[in-house]
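Asker: Before anything else, here's the structure in question.
The values are calculated or read from the model by the stated rules, or taken from the named source; none is laboratory data. A quick note: this is a predicted structure, and the numbers were derived from the prediction, not measured. A quick note on method: Cβ atoms are made from the backbone with ideal geometry, for glycine too, and the neighbour counts reach across all protein chains shown. For accessibility, only protein heavy atoms count, side chains too; no ligands or nucleic acids. Shrake-Rupley method; radii C 1.70, N 1.55, O 1.52, S 1.80 Å.
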Amino acid sequence: MRIHFKTSYEHDIRLFQDRWTLGVYAALLALAFALPYLIDEFYLGEVTNVLIWAIAGLGLMLLTGQTGQASLGHAAFLAVGCYTNTILIEQGLPFVIAFPLAGVITGVIGTIVAIPALRLHGIYLAIATIALSILADDIIVLMEPWTGGVSGKFPEMITIFGFEIERWTMPSRFYYLVLVVTICCTLFYRNLLRSPLGRAFAAVRDSEVSATAMGVHIARTKATAFGLSCMITGWAGALMGYYAGTFNNETFSIVISITLLMMIVIGGLGSIHGAFFGAVVVAFLPQALSILKDGLVGGGVAIPGLETGVFGMILILFILFEPMGIYGRWLKIRIWLELFPFARKDMFRRQKSYLKTERLR
């Protein structure tokens with residue numbers, strides 16, 4: 001007789017928790033590949049935008065949600081990935097080499113930046129990354145011979161082994177390219193969480209003192225997390241450049257960094273699902289607000305600050321009432337349904353405790 005011992009870490013070590021979970025994700029993947037045949041080009045473009053934001057969210061989630069390092073400067077690495085990919089292609093490299101290399105170069109630059117920056121903690125690290133995002137704007141303008149300055153650049157058509165892909169004339173082909181990159185980044189993230197390095201990230205996030213006691217090298221782990229995060233973000237930046245069709249120093253502003261951080265908080269910090277849920281909110285909410293505004297006050301009326309105000313209100317509501325985001329709320333609903341009718345009313349009551357000092361980090 002074969003005895004199988006289960007541990008509390010088994011659902012994290014295995015790629016899929018069980019066959020039912022595997023079947024659900026297989027069905028979602030099949031639906032994703034069939035989507036160009038089910039919806040028109042406008043909505044296909046919006047879904048493509050969601051996937052690009054999700055890739056960028058996975059990059060920031062790896063740093064903030066998995067390692068606990070807040071960053072408000074990831075728009076700079078979106079810009080690095082975008083410009084690096086375009087410049088490499090202009091120098092004659094094919095897309096299949098330039099695109100992966102753009103992510104690797106962005107990751108190396110992120111690691112170099114992380115060495116001094118990650119000596120900071122909390123709000124001080126956030127301020128340093130804000131400065132990085134502001135500096136990126138000036139650097140793009142100063143490097144005009146390479147970046148085009150304020151005039152910007154127009155990415156060339158993607159060619160993969162003679163197969164042409166263009167965002168506007170061939171949206172389905174571009175969608176499939178973004179979908180494949182999204183799948184690869186998601187599998188990379190998921191397998192990273194199953195590895196010893198991924199568990200070291202979580203240990204650093206939960207307690208640096210405990211992580212050090214277990215033999216985790218804090219500085220090296222943080223720098224590695226920053227580099228891998230920037231690598232994924234660089235790939236998202238390259239795809240954003242193709243999606244926009246043109247980009248300059250104003251394309252990747254500090255607002256993008258704030259939107260990225262807000263996206264993963266709303267979606268659910270520390271989870272792959274949270275990056276996708278947050279991307280759906282960020283990509284579709286502006287469209288929903290535009291449709292609602294046109295229906296209520298007419299299409300010719302502009303309401304300054306409407307989108308920013310609604311985003312800020314949503315973020316405040318989530319921080320106050322559901323800090324674990326959309327995915328956290330879904331987990332609570334699922335557990336309540338599984339335990340019904342034995343679920344207690346105050347089962348998910350928040351425990352409020354505050355650390356008076358940072359000496360025990």
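Asker: Step by step: first the residues of the range 12-30, then only those that are open to solvent by 90 Å² or more (accessible area, probe 1.4 Å) and not aromatic (Phe, Trp, Tyr), then the one that is modelled with the highest pLDDT. Which residue is that?
Answerer: Looking at residues that are open to solvent by 90 Å² or more (accessible area, probe 1.4 Å) and not aromatic (Phe, Trp, Tyr), I get LEU28.
Asker: A follow-up question, please. Please state which one of LEU260, LEU239 is buried (at least 24 other Cβ atoms within 10 Å of the Cβ) and over 29 Å from LYS332 (Cβ atoms).
Answerer: Checking each option against the conditions leaves just LEU239.
Asker: A further question follows. Given (1) without any contact (Cβ under 8 Å) to a residue 40 or more places away in the chain; (2) in contact with a helix residue (DSSP H, G or I) (Cβ under 6 Å, 6 or more places away or on another chain), where does ARG220 come up short, assuming only one miss?
Answerer: It is condition (2) that ARG220 fails.
Asker: Suppose the filter is in a helix (DSSP H, G or I) and within 27 Å of SER257 (Cβ to Cβ); does ALA26 pass it?
Answerer: Considered against the rule, which asks whether it is in a helix (DSSP H, G or I) and within 27 Å of SER257 (Cβ to Cβ), ALA26 comes out as no.
Asker: Filter the range 190-201 down to residues that are buried (at least 16 other Cβ atoms within 10 Å of the Cβ) and of a type in the set (Gly, Ala, Ser) and give me whichever is farthest from the chain's Cα centre (by Cα).
Answerer: Top of the filtered list is ALA200.
Asker: Restricting the range 154-186 to residues that are hydroxyl-bearing (Ser, Thr, Tyr) and within 23 Å of the chain's Cα centre (by Cα), which is surrounded by the most Cβ atoms within 10 Å (Cβ to Cβ)?
Answerer: THR182
Asker: Could you tell me which of the residues PHE252, PHE247 is under 17 Å from THR106 (Cβ atoms), touching a Leu at 6+ places or on another chain (Cβ under 7 Å) and of a type in the set (Phe, Trp, Tyr)?
Answerer: Every option except PHE252 fails the conditions.
Asker: Within the range 10-51, track down each residue that is touching a residue at least 24 places away in the same chain (Cβ under 8 Å), over 29 Å from LEU285 (Cβ atoms) and of a type in the set (Asp, Glu).
Answerer: ASP12
Asker: Something else about it: Go through the range 141-153 and give me each residue that's open to solvent by 40 Å² or more (accessible area, probe 1.4 Å) and more than 17 Å from ALA238 (Cβ to Cβ).
Answerer: Scanning the range 141-153 gives VAL141, LEU142, MET143, GLU144, PRO145, VAL150, SER151.
Asker: Pick out the one residue from VAL108, VAL80, VAL104 that is open to solvent by 30 Å² or more (accessible area, probe 1.4 Å), touching a residue at least 40 places away in the same chain (Cβ under 8 Å) and under 20 Å from GLU250 (Cα atoms).
Answerer: Only one candidate qualifies: VAL80.
Asker: Counting only residues that are closer than 20 Å to ILE232 by Cβ and not β-branched (Val, Ile, Thr), which one in the range 111-125 is surrounded by the most Cβ atoms within 10 Å (Cβ to Cβ)?
Answerer: Applying the filter and picking the extreme gives ALA114.
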